[in-house]
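The values are calculated or read from the model by the stated rules, or taken from the named source; none is laboratory data. All values derive from a computational prediction rather than experimental measurement. Virtual Cβ from ideal backbone geometry, glycine too; neighbours counted across all protein chains shown.
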Amino acid sequence: MIANMPSKSPWGPLGKHPALSPLSFFASVLLIILLCEPAFAFKSPCVNPGGKAGCFSTIASAVAAASPGSIIKVAAGIYKEDVVIGKPLSLIGADSSDVIIDATGLSNGIYVDGLDNPGLRNVVVSGFTIENANYEGVLITNATNITIKGNRVLDNDTGLNIDEDTCPGQPPFESGEDFDCGEGVHLLGVNYSTLANNIIEGNSGGILLSDDTGETHDNLITGNLVKGNPYDCGITLASHAPGLNSSAPHLGVVRNTVVDNQSIHNGYLVPGAGAGVGIFADGSGIGLVHGNLVIHNELLNNGIPGVAFHSHVGPNFGLPADDLNNNVIVGNHISGNGADVGDTPTPGPTGINLNSGGGGTTITGTVIWGNVIENEAVDVAINTPADVDLHFNNLLGDEVGVDNLGSGVISATNNYWGCFAGPGSQKCSSVSGTGVTFVPFLRLPLP
């Protein structure tokens, strides 16, 4: 009798509900979770114009609703907004040509704001066109492990007053940006971050790393096309005075790597405006741009030299000297750039200008190695009291291979000077100034 009695369990003899298959059971459980936890649906928000299919209609609203670590996917469309990010998340556009942040009349297109969100880290922005902002297209402050990849940053810095060299309304924490509105992409107080494979064009300048709000260090700038930014450099590493109401010394732009970028035809509208890569101190003393690596870039047809070092203070001005030491310039192709001007002048179009300016700052530890420099009146110009080494470069300029404009001693051995016979020979580049050693020299170009 006991063996034949029907089961009292609602699940039947084998623990199965007679009317509910295993597949239906799990579907029901999932439905219960979704009904009881509506926030689950917004774990990874989506954005499209009009907010169709349960998505948000603006990027800013999706960012506000997102949980830390969310991946926000943005569909094709034009989004007229200034997107401020203050939490870790990934913001992914469907295609950089079709997903457009139009920041006309607004401060920025994207602002990764670690200044008001201390400890901000782990943000990714990829797949957007970012255009028409008053100031930077992309601004990042005081943040770690930020990735800006595969975007088009176009025609920003619209607030620039060209006639007066000012940028009205820009935030006061940006202490050195009046003359360029911060350029297309600006990193300040940022570390261990990556700026990769972006197109940055038509802004006042291209990419800026500065130290207004904190040390900017150990970042990777790679694979970017920085082109046609008329009023400033393609890529700038600049030490500025600290932000408003700060009495701290310069904080530093140190140990950053600039590799495999193309910096082409920047700084062309204003004399002295823009290098391919600029390593600068702002002239207020104790500037710190130290230990950076500039390697394997194409630096072509910029307004001033392909690589330009500018220090504007030092013993001659009675101010503490800048530290522009231990920077490495290796394996770049440099061609067709302009002459330097102001207190860092060169005699003509120049490939690399290592120039302490009127202050006489001693710039030490510079490595200039393995570069190909051509179509310049001066391949390398040097004006510093320090001794400088440059070796294994192809110095193919039309006139002067190395010009020593200062009092230091230059070791320029083991370079190729454009012909078999060496410096000063017919169809070879020459040496100008005193204190330049060039023997032995290479008789064939380096591959």
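Key figures for this structure:
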quantity: Residue in the range 406-417 that is crowded, with 20+ Cβ neighbours inside 10 Å, in contact with a His (Cβ under 9 Å, 6 or more places away or on another chain), within 28 Å of D323 (Cβ to Cβ) and not small (G, A, S) present; calculated: yes
quantity: Count of the range 371-392 residues which are more than 28 Å from V313 (Cα to Cα) and of a type in the set (A, V, I, L, M); calculated: 2
quantity: Top-ranked residue of the range 124-133 - restricted to ones that are part of a strand (DSSP E or B) and in contact with a Gly (Cβ under 9 Å, 6 or more places away or on another chain), ranked as nearest to S70 (Cα to Cα); calculated: V125
quantity: Residue ranges of strands (runs of 3 or more DSSP E) in the range 251-340 with at least 2 members β-branched (V, I, T) and modelled with pLDDT of 95 or more; calculated: 257-259, 277-281, 293-295, 328-330
quantity: Elements of type strands (runs of 3 or more DSSP E) contained in the range 362-437, each with 1 or more residues being in contact with a Leu (Cβ under 7 Å, 6 or more places away or on another chain) and either free of Cβ contacts under 8 Å to residues at least 12 places away in the same chain or under 18 Å from N332 (Cβ atoms) (or both); calculated: 367-369, 372-374, 378-383, 388-391, 394-396, 400-404
quantity: Residue selected from the range 183-219 under the condition β-branched (V, I, T) and under 18 Å from D282 (Cβ atoms), by the criterion modelled with the lowest pLDDT; calculated: T213
quantity: Residue that is crowded, with 24+ Cβ neighbours inside 10 Å, under 18 Å from S61 (Cβ atoms) and in contact (Cβ under 8 Å) with a residue 40 or more places away in the chain, where the choices are I110, I101; calculated: I101
quantity: Residues (over 20 Å from P347 (Cβ atoms), touching a strand residue (DSSP E or B) at 6+ places or on another chain (Cβ under 9 Å) and among the small types (G, A, S)) located in the range 404-434; calculated: S411, G422
quantity: In the range 134-173, residue nearest to I100 (Cα to Cα) [restricted to those that are assigned to a strand (DSSP E or B) and either more than 19 Å from the chain's Cα centre (by Cα) or free of Cβ contacts under 8 Å to residues at least 12 places away in the same chain (or both)]; calculated: N161
quantity: The range 364-398, residues that are under 17 Å from C419 (Cβ atoms) and buried (at least 17 other Cβ atoms within 10 Å of the Cβ); calculated: V372, I373, E374, E376, D379, N393, N394, L395, L396, G397
quantity: Test: residue in the range 278-287 that is more than 23 Å from T216 (Cβ to Cβ), touching a strand residue (DSSP E or B) at 6+ places or on another chain (Cβ under 8 Å) and among the hydrophobic types (A, V, I, L, M, F, W, C); calculated: no
quantity: Number of the condition not met by D343 [criteria: (1) free of Cβ contacts under 8 Å to residues at least 40 places away in the same chain; (2) part of a strand (DSSP E or B)]; calculated: (2)
quantity: Condition check for N122: among the polar types (S, T, N, Q), crowded, with 19+ Cβ neighbours inside 10 Å and within 21 Å of the chain's Cα centre (by Cα); calculated: no
quantity: Search result, residues across the range 193-205 that are of a type outside the set (S, T, N, Q), more than 8 Å from the chain's Cα centre (by Cα) and farther than 10 Å from L154 by Cβ; calculated: A196, G205
quantity: Of all residues making up the range 78-110, the number that are over 22 Å from the mean Cα position of the chain (by Cα), in a loop (DSSP other than H, G, I, E, B) and not hydrophobic (A, V, I, L, M, F, W, C); calculated: 5
quantity: Meets criteria (surrounded by fewer than 18 Cβ atoms within 10 Å (Cβ to Cβ) and within 19 Å of the chain's Cα centre (by Cα)) for H290; calculated: no
quantity: Residues being touching a Gly at 6+ places or on another chain (Cβ under 8 Å), more than 20 Å from V254 (Cα to Cα) and surrounded by fewer than 24 Cβ atoms within 10 Å (Cβ to Cβ) - total across the range 204-239; calculated: 4
quantity: Residue satisfying all of: in the range 78-98; small (G, A, S) and within 20 Å of N198 (Cβ to Cβ); surrounded by the most Cβ atoms within 10 Å (Cβ to Cβ) among these; calculated: G93
quantity: Any pair with Cβ under 8 angstrom, 6 or more apart, that starts in the range 257-278 at a residue that is of a type in the set (D, E, K, R) and ends at one that is surrounded by fewer than 20 Cβ atoms within 10 Å (Cβ to Cβ) and assigned to a loop (DSSP other than H, G, I, E, B); calculated: D260/G223; D260/H296
quantity: Subset of the range 174-197 [closer than 22 Å to G272 by Cβ and assigned to a strand (DSSP E or B)]; calculated: H186
